[in-house]
Amino acid sequence: MKPKILITRAIFPEVVERLQAHAEVEANQDDILFDPAEMARRLADKDGVLVVASRIDAVALGQATRLRVVSNMAVGYNNLDIEAMTRAHILATNTPDVLNETTADLGWVLMMAAARRITESEHWLRAGHWKQWGYELFAGTDIYGATLGIVGMGRIGQAIARRARGFGMRVIYHNRSQVSPEIERELNAEFVDKTTLMKQADHVMLVVPYSAATHHIIGAAELALMKPSATLTNIARGGIVDETALIAALREHRIAAAGLDVFEGEPKFNPAFLELSNVVLTPHIGSASLPTRRAMAHLAVDNLLAGLGLGPQAGNPPNPINPEVLGASRG
Ligand code: GLV
């Protein structure tokens, strides 16, 4: 009998078709948002789930007695209750690497837009205010030759650092552990403590995964260390930054500007951001290029099929999050 699979949100039709070759697929191409109870109901008879921008928590797993694989179409997995999955011997997988360069690009887009006041000046121009040139008109901060401070030197952080070479930047970074001397040499990056980074960076870039350990690691105290001319860019997760403290710092011009792709509680976000001209806001589009989203979707399918013992990589999913459950039978 074919396994049963749920796809939680709308996705490329070719991805649905690819899964249909192996499984009985319940696809949500109407893109309805399932609450935890509805998710639980949908998962009750499924063997696998392709998670597209959805939360799978203990409630959602409550009736999922057959579920063997939860394949997340994202690199971050704070939307999954991994402990509950591991306890239930359910394999969880994610999609690292294929989105590194696209996400690094967006970090740069936001940093540059914030530093050079791009959205602010465009809104002003569109509103018909441009009557004459002025020597300070939308004067921002430089990128070229500045110091870039990267918090989180994983694969995306490294891709961001690599781009800094072309901009003649000094790169400092802070990470749970120092990367190898070879990587540091290649990136021309220097490991510093968080305080030094916040004090010295002209542009701070946040790329750490979200967890209890990284909750609000940038708060009032850290923002107070930053130069008034500095920018802060967050392409990781909203919960990393204390947004109330950031709003105050931006409002009082204690830092120059911010670029934010992620928000605590998104898609809801603090409306105070909308009142600030010195923040560039995007709706969590870090990995949003069509080729990258396609690559993520297909990698998520590779993981799902392999986890279910199907396809060419059967039994060997490329990206297990909790590999300890591999081989443990369920059901
Ligand atoms: C996007 O935020 C991801 O984690 O892939």
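Determine the distance separating the Cα centre of the range 79-138 from the Cα centre of the range 236-270; give it in Å without decimals.
12 Å
Give the lysines reachable from K194 as a straight Cα distance under 28 Å; neighbours fewer than 8 places away on the same chain don't count.
The qualifying lysines are K227.
Around R116, what is the net charge, scoring Lys/Arg as +1 and Asp/Glu as -1 over all other residues with Cβ under 15 Å from its Cβ?
-4
Between the range 295-331 and the range 36-61, what is the separation of their alpha carbon centroids in Å?
17 Å
Ignoring ligands, DNA and RNA, what accessible area per residue does the chain give at 1.4 Å, in Å²?
47 Å²
Using DSSP to call loops (not H, G, I, E or B), can you name the trypsin sites (Lys or Arg not before Pro) in the range 194-246 whose Cβ has at most 10 other Cβ atoms within 10 angstrom?
Loop-located and lightly packed - none at all.
With Cβ to Cβ distances under 13 Å as the rule, what net charge do the other residues near N303 carry (K, R +1; D, E -1)?
0
If you build a Gaussian network model of the chain, linking Cα atoms that sit under 10 Å apart, which residue out of E136, E275, E122 swings the most?
E136
Among L33, V204, Q132, whose Cα projects farthest towards the positive end of the dipole of the chain, with charges put on the beta-carbon of Lys, Arg (+1) and Asp, Glu (-1)?
Selected residue: V204.
Take the alpha carbon atoms of the range 100-281, find their radius of gyration, then divide it by 2.2 N^0.38 Å using N residues; give the quotient.
So the Cα radius of gyration is 1.00 times the expected 2.2 N^0.38 Å.
Within the accessible area of the range 224-331, what % is carbon and sulfur when the probe is 1.4 Å and the other protein chains stay in place?
Carbon and sulfur together cover 56 percent of it.
Per q in 0.11 Å⁻¹, report the Debye log10 I(q)/I(0) for the chain, using one uniform scatterer on each alpha carbon and no solvent.
Listed by q, the Debye log ratios stand at -0.76.
The values are calculated or read from the model by the stated rules, or taken from the named source; none is laboratory data. Computed from a predicted model, the values in this text were never measured in an experiment. Ideal geometry is used to build each Cβ from the backbone, glycine not excepted, and the neighbour counts take in all protein chains shown. Heads up: the accessible areas ignore ligands, DNA and RNA and are worked out on the full protein's heavy atoms, side chains in. Shrake-Rupley method; radii C 1.70, N 1.55, O 1.52, S 1.80 Å.
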